[in-house]
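One structure below.
The values are calculated or read from the model by the stated rules, or taken from the named source; none is laboratory data. Everything quoted here is computed from the prediction, not taken from an experiment. Cβ sites come from the backbone with ideal geometry, for glycine too, and all protein chains shown count toward neighbours. With ligands, DNA and RNA removed, areas are computed over all heavy atoms of the protein, side chains included. Shrake-Rupley method; radii C 1.70, N 1.55, O 1.52, S 1.80 Å.
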Amino acid sequence: MSKEAIQKATFKDLLNKKIKKEQDQFKVKEIHVTSMDRILTFIKPKDDILLDVIDEMGEGQSTGGMVQAFKTLIYHTCPMLQDMELQSQLEVLDPLDTVQAIFDLSDIMEIGEQLMELVNINAKVEAIKN
């Protein structure tokens, strides 16, 4: 888009942006987990969680770092996984271990990649690396 076609923001534009941001925080994504043949509901993560995930992904670009970042993202975006009764039944000490107790590597990658699409995190990671 040319500079001439871009308009200056107005007060109303800023208010509309705030409203959209508030609406986006309630965005959900239903993800079909192939190995379970079930759908789990995930919510859009808060900015501080996204920053943690981006930091984890940016450290060395190792596959292990990416998987750990996916586990963090999965845990913090799926309310069912945060249920204390579930964690008790799974006998996990660290709540983040809930993800690994339930899902294998294939599941973690499948869910993680779809969650990255939800928050458009690939673009954010690339922008930080460059």
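Data overview
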item: Tilt relative to the chain, helix 105-119 - C-alpha long axis, 0 to 90 degrees, to 10; result: 20
item: Full-extension gain in nm, I39 to I6, via 0.36 nm per residue minus C-alpha separation; result: 7.7 nm
item: Folded to 0 to 90 degrees: helix 11-24 orientation relative to the chain principal axis, Cα; result: 10
item: Simple label model, 7 Å out from Cα along Cβ direction - E91 to D104, nm; result: 2.1
item: Heavy-atom surface of the chain, accessible at 1.4 Å and reported per residue (Å²); result: 70
item: The chain: angle of helix 47-58 to the longest principal axis, Cα-based, in degrees nearest 10; result: 70
item: Coil-residue trypsin sites (Lys or Arg not before Pro) of segment 7-105, DSSP, other Cβ within 10 Å capped at 10; result: K8
item: Area of E113 that stays accessible when all protein chains are in place (1.4 Å probe, Å², to 10); result: 100
item: Mean projected area (nm²) of the alpha-carbon convex hull when segment 19-127 is viewed from all directions; result: 7.2
item: Residue pairs, from the table K46/K71; K21/K71; K17/K44; K8/K44, whose Cα atoms sit over 21 Å apart; result: K21/K71; K8/K44
item: Vicinal HN-Hα couplings computed from phi for segment 79-88 (Karplus, 6.51 cos²θ - 1.76 cosθ + 1.60; Hz; Gly/Pro x); result: x, 4, 6, 8, 5, 5, 5, 4, 4, 5
item: Local electrostatic count, F103, Cβ distance below 10 Å [Lys/Arg +1, Asp/Glu -1]; result: -2
item: Solvent-accessible surface ranking, highest first, for L96, L118, L51, L73 at 1.4 angstrom; result: L51, L96, L118, L73
